[in-house]
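Since the structure comes first, as structure tokens, the remarks are kept for the end.
The values are calculated or read from the model by the stated rules, or taken from the named source; none is laboratory data. Please read all numbers here as calculations on a predicted model, not as lab measurements. No Cβ is skipped: glycine too gets one built from the backbone with ideal geometry, and neighbour counts run over all protein chains shown.
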Amino acid sequence: MPWTDRQQALLQAMGLRVWAEPEHQPAPAVEAEAPPLPTAPQAAPASAPRSAPVRPLARPPALAPVTQTPAPSLAPAVAVHTATRADLASLDWPGLRSAVAGCQACGLCSSRTQTVFGVGHTQARWMVVGEAPGENEDLQGEPFVGAAGQLLDRMLAALQLSRAADGPPERSVYIANTLKCRPPRNRNPSAEELAQCEPFLVRQIELLQPRIILAMGRFAVQTLLRSDEPIGRLRGRVHHYQGVPLVVTYHPAYLLRSLPEKAKAWEDLCLAAETAEASAA
Ligand code: URA
């Protein structure tokens, strides 16, 4: 079926070219990703995936602007070395940020410039979870500020979503990484590092209570879904993390190297948008 004008505009905003050739169908799914880590941090499943068919591209939801600012918090900061979920359970956003900044739970604390906590509206409806800070993120203290981040921002903008901390929550995205510190030379996170850092991400999700989580790449998926399945087998349906709908997609750094997968990532974002809209109804 040909792209509608609306879909073409959105795809163009993402830098996709497929819209220009409406008769061309994306190639069948090919698993071109690196193999999963041999060890997941824990074995117990954290979600009960339910099957849902891959959905066709859809128009993004109409989102009403709402002016709302996050409530200030006065909870004290704590210094955390090896944080447990119980340690963090009472922390609000500033307290959690301080706990992350003081974390020395793994060796990454000795090589980081700074921790990279997260960015966005603390009442955002969407939460995007990536992997770990890279060099630019380590220097600037914000997730996804490099080329992969620019692609992510364009994809979000195509759905009228933004990482701005002061916009309407309905159009806002909170972005966090699975790891809050940069692994040296951008190596893959270790299972131990993922496990040590996980309580921070868990608390961020608890505080945000998003309507939808977009898990990008295999480390976010391993942490949130306890799954070593390739992204290509997990995407296209709605999973759940602690009751929150979760959609799996490719990491934007992978999309930069594998342009054909961009169309699939767009489908994933549309599925996430439909799911967020449905959970708001
Ligand atoms: N890749 C990630 O997963 N996170 C970042 O913050 C940057 C690149």
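Worth a mention:
- Qualifying residue in segment 79-102 (condition: within 13 Å of the ligand (Cβ to nearest atom), touching a residue at least 12 places away in the same chain (Cβ under 8 Å), crowded, with 23+ Cβ neighbours inside 10 Å and at negative phi): no
- Members of segment 188-200 found to be within 13 Å of the ligand (Cβ to nearest atom) and surrounded by fewer than 22 Cβ atoms within 10 Å (Cβ to Cβ), listed by number: Asn188
- Residue within segment 204-224 that is aliphatic (A, V, I, L, M) and either free of Cβ contacts under 8 Å to residues at least 24 places away in the same chain or surrounded by fewer than 21 Cβ atoms within 10 Å (Cβ to Cβ) (or both) present: yes
- Checklist (1) within 12 Å of the ligand (Cβ to nearest atom); (2) touching a strand residue (DSSP E or B) at 6+ places or on another chain (Cβ under 6 Å) applied to Ala147, failing item: (2)
- Filtering Gln204, Gln104, Gln160 for residues that are within 21 Å of Leu224 (Cα to Cα) and either in a helix (DSSP H, G or I) or assigned by TED's automatic domain parsing to the domain that holds Tyr250 (or both) leaves a single hit, Gln204.
- For segment 225-276, a tally of residues being charged (D, E, K, R), touching a residue at least 12 places away in the same chain (Cβ under 8 Å) and not in a loop (DSSP other than H, G, I, E, B) returns 7.
- For segment 110-144, the set of residues classified as under 13 Å from Phe200 (Cβ atoms) and more than 9 Å from the ligand (Cβ to nearest atom) consists of Thr115, Phe117, Gly118, listed by residue number.
- Test for Val248: is it within 16 Å of the ligand (Cβ to nearest atom) and assigned by TED's automatic domain parsing to the domain that holds Met155: yes
- First in segment 108-120 and in the same structural domain as Phe200 (by TED's automatic domain parsing) and farther than 13 Å from Leu139 by Cβ, second anywhere and surrounded by 15 or more Cβ atoms within 10 Å (Cβ to Cβ) and of a type in the set (Phe, Trp, Tyr), Cβ under 7 Å, 6 or more apart: Gly118/Tyr174; Gly120/Tyr174
- The residues in segment 207-224 that are within 16 Å of the ligand (Cβ to nearest atom), outside any helix (DSSP H, G or I) and within 24 Å of Ser90 (Cα to Cα) can be counted, and the count is 1.
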